[in-house]
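Down below is the structure, laid out as structure tokens.
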Amino acid sequence: MNSIDIMVIGGGISGAATALGLTQHTNGSTKVMLLDEHLPSQRLSRGNFGLTWFMCKGADNPTYAVWCRMATRQWPDFARELENQTGYAVELEWNGGAVHAFGDDEWASLAKSVESIGEACKKIDLDYPVKMLDRRQTQELVPDMTLGEEVSGAMYTSEQGHINPLKLLAAVRAAYIKNGGHFQGGTAASGITPLKNGRYKVETSAGDYECAKVVVAAGHGCARLLQPLGEIPTIYPQRGQIMVTDRRPRRLTVPFLSVRQTPDGTYLIGLSTENTAMDTGVTPQAMKNQASNAIRLFPELAKLNWVRAWGAIRAMTPDGAPIYSQVGGHENLYMIAQHSGVSLAPLMASNVAPWILDTPSAEGQELITHFSNGRFHV
Ligand SMILES: Cc1cc2nc3c(=O)[nH]c(=O)nc-3n(C[C@H](O)[C@H](O)[C@H](O)COP(=O)(O)OP(=O)(O)OC[C@H]3O[C@@H](n4cnc5c(N)ncnc54)[C@H](O)[C@@H]3O)c2cc1C
């Protein structure tokens, strides 16, 4: 049987960024293997919207608010290091981000949420640099676009951005391999068995491995591997659909929650949420709703051609916060499952990897205990 120090099952952004951190924090002295079976139904690390945001997150969960803010603070350095190390430009644009409001009621509701998250952050000494803009200020934010008549303003922060998800995943995996990590694509793990010597046997389509630690970061594939060991991941599938337009000269440099323009000129339009099990299809109704929402925000988008669309399935938890958990009764078996895995990617390398290695890390590592799967089983 092959012997590995740490096996990470699942090479999406969560598993890949954690594996990168594992190699960084051990300076290549630990043999790390990252496996991914490349399931077509699990492509959310490629099919997401690419926002690196903290705004709106953690309204009822201050620990999660802190966690998201910590992640976005790390993003500019994280992207710079990835680019220096791998040559991949992840296309991070740190131009802020906005959530629009239609009419006075929506504006008031966004303002209320800014106030309540701001208050929660103040109690724990955390800044929350988010403000409400009126219609004129929102128009000034996007001087090359014309706002629709119904837009009353927006919630805005200058301290977040957006990236290219495909390039991010490629860069993280490339940096991991450059650091001495091993990656095996097209390989499925089918079972994890605790051994008498305290290690684990991982059965895969490329043979069996004996491992000192195992990290299951397999998104919706976590349940298949962990249920036989008595752990039921508290995640459910939620589909999101994204539409892409043809390329146009760059006019929108600040991403909005439901519309952003990429540096190469396409507009991405999204924001649907549906409970559809693992169906990654797209529907005319969601396309219609998303397109009409985008056109109400920026009427000129009506002139564009819509060229493609896809669906991807979020791994949602009931409270929206991530799961980082030691699997019950198994000191060296870990589970990672999360929404907002792009925004949180820097923390996987800087904080979650040292937690798995049981070594001290940057500030905030103690917050991880708040994100156990057990919080849903009380
Ligand atoms: C429409 C949409 C928009 C989104 N927008 C954003 C956004 O703007 N910003 C943001 O931060 N987040 C966003 N997200 C969420 C983000 O995409 C996810 O949080 C993130 O991709 C989760 O990554 P992951 O690695 O945990 O899971 P996954 O990407 O699902 O990776 C898990 C991997 O495990 C592999 N796997 C499963 N089982 C096995 C097995 N048995 N053996 C080997 N491999 C296995 C799968 O093939 C898969 O590649 C969005 C999601 C959706 C659906």
Among the numbered criteria (1) within 20 Å of VAL142 (Cα to Cα); (2) under 21 Å from the mean Cα position of the chain (by Cα), which single criterion is violated by ALA302?
(2)
Among the candidates ALA71, ALA101, ALA79, ALA65, single out the residue that is buried (at least 20 other Cβ atoms within 10 Å of the Cβ), part of a strand (DSSP E or B) and among the aliphatic types (A, V, I, L, M).
ALA101
Looking at segment 33-62, which of its residues are open to solvent by 30 Å² or more (accessible area, probe 1.4 Å) and more than 6 Å from the ligand (Cβ to nearest atom)?
PRO40, SER41, ARG43, ARG46, CYS56, LYS57, ALA59, ASP60, ASN61, PRO62
Quick one: is GLY281 in the same structural domain as ALA170 (by TED's automatic domain parsing) and in a loop (DSSP other than H, G, I, E, B)?
no
Of the conditions (1) in contact with a Gly (Cβ under 6 Å, 6 or more places away or on another chain); (2) crowded, with 21+ Cβ neighbours inside 10 Å, the single one that PRO299 does not satisfy is (2)
How many residues, within segment 344-378, are open to solvent by 10 Å² or more (accessible area, probe 1.4 Å) and either of a type in the set (Lys, Arg) or outside any loop (DSSP other than H, G, I, E, B) (or both)?
11
Which residues, taken from segment 312-339, are within 16 Å of the ligand (Cβ to nearest atom), touching a helix residue (DSSP H, G or I) at 6+ places or on another chain (Cβ under 8 Å) and of a type outside the set (A, V, I, L, M, F, W, C)?
THR317, PRO318, ASP319, GLY320, PRO322, TYR324, SER325, TYR334, GLN338
Just for segment 221-249: of the residues that are within 11 Å of the ligand (Cβ to nearest atom) and basic (Lys, Arg), which one is nearest to THR193 (Cα to Cα)?
ARG224
Number of the exception - GLN241 against (1) touching a helix residue (DSSP H, G or I) at 6+ places or on another chain (Cβ under 6 Å); (2) in a helix (DSSP H, G or I):
(2)
Checking ALA189, ALA175 in turn, the sole residue that is touching a strand residue (DSSP E or B) at 6+ places or on another chain (Cβ under 8 Å) and modelled with pLDDT of 95 or more turns out to be ALA189
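When you check ASN84 against the structure, is it outside the structural domain of PRO129 (by TED's automatic domain parsing) and over 28 Å from VAL259 (Cα atoms), yes or no?
The answer is yes for ASN84.
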Do any residues in segment 92-105 that are closer than 12 Å to ARG260 by Cα have Cβ atoms under 6 Å from those of residues that are of a type in the set (Lys, Arg) and crowded, with 16+ Cβ neighbours inside 10 Å, where the two are at least six apart or on different chains, and which pairs are they?
none
Any strands (runs of 3 or more DSSP E) falling wholly within segment 165-217 and containing at least 2 residues that are open to solvent by less than 40 Å² (accessible area, probe 1.4 Å):
189-194, 200-204, 207-216
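The values are calculated or read from the model by the stated rules, or taken from the named source; none is laboratory data. This structure is a prediction, so every number in the text was calculated from the model and none was measured. So basically every Cβ, Gly included, is an ideal-geometry build from the backbone, and we count neighbours across all protein chains shown. With ligands, DNA and RNA removed, areas are computed over all heavy atoms of the protein, side chains included. Shrake-Rupley method; radii C 1.70, N 1.55, O 1.52, S 1.80 Å.
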